[in-house]
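Down below is the structure, laid out as structure tokens.
The values are calculated or read from the model by the stated rules, or taken from the named source; none is laboratory data. Keep in mind the model is a prediction, meaning the values are calculated, not measured. Neighbour counts are summed over all protein chains in view; Cβ atoms, including those assigned to glycine, are modelled from backbone coordinates with ideal geometry. Note: areas computed on protein heavy atoms with side chains; ligands, DNA, RNA excluded. Shrake-Rupley method; radii C 1.70, N 1.55, O 1.52, S 1.80 Å.
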Amino acid sequence: MTRFLLFSALLFSHFIVSAQIHDRLHWVFPADSVQKVVIEVVDPYTISNWDGHQVMVASEITVYNASQGIMDFFIKENKRYEVVDTIIQQVMTLDSYQSRRAPIQSKGMTCYEQVQVKIFLPFDFQQESDTVWVRRKEE
């Protein structure tokens, strides 16, 4: 009986590991004329400064119990995880292409998804509030 339970646990853990699909996406946005960046991304995110002169956004996506075909559809055609920028009067808004997302279903099961977004702003931007970063004034 113990061997059966051990074998079942190993088989189940193999199924869980093999049903995990992982992908990375990134976007680069010019920031030459930008004085303020407003973040309206729906996924959890972190912000860091970097040496670049552009704004870079990188997303890591992991979907469980889905096939590569399902993941490809939601990335390429549905643009589920895409981050877009809008610049109006020197204010860049970073936003999720899809702000509302229904759960992914596959074979009658809900596919759990984990998304982490990393936003990289040039070093001359500083945090003004939770969602707003401004360019430091030259002295």
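Name the residues in the stretch 63-83 that are surrounded by fewer than 15 Cβ atoms within 10 Å (Cβ to Cβ) and outside any loop (DSSP other than H, G, I, E, B), would you?
Gln68, Gly69, Asp72, Phe73, Lys76, Glu77
Which residue out of Gln105, Gln89, Gln98, Gln114 is open to solvent by 90 Å² or more (accessible area, probe 1.4 Å) and within 12 Å of the chain's Cα centre (by Cα)?
Just one listed residue meets the conditions, Gln114.
Among the residues of the stretch 27-49, how many are closer than 24 Å to Gln114 by Cβ and either assigned to a strand (DSSP E or B) or open to solvent by 40 Å² or more (accessible area, probe 1.4 Å) (or both)?
Total satisfying the criteria: 10.
Looking at Ala58, is it small (Gly, Ala, Ser) and at pLDDT 95 or above?
Yes: the conditions hold for Ala58.
Report yes if Val57 is closer than 15 Å to Trp27 by Cα and outside any helix (DSSP H, G or I), otherwise no.
The answer is yes for Val57.
On the basis of being surrounded by 15 or more Cβ atoms within 10 Å (Cβ to Cβ), under 30 Å from Phe125 (Cα atoms) and more than 14 Å from the chain's Cα centre (by Cα), does Val55 make the cut?
yes
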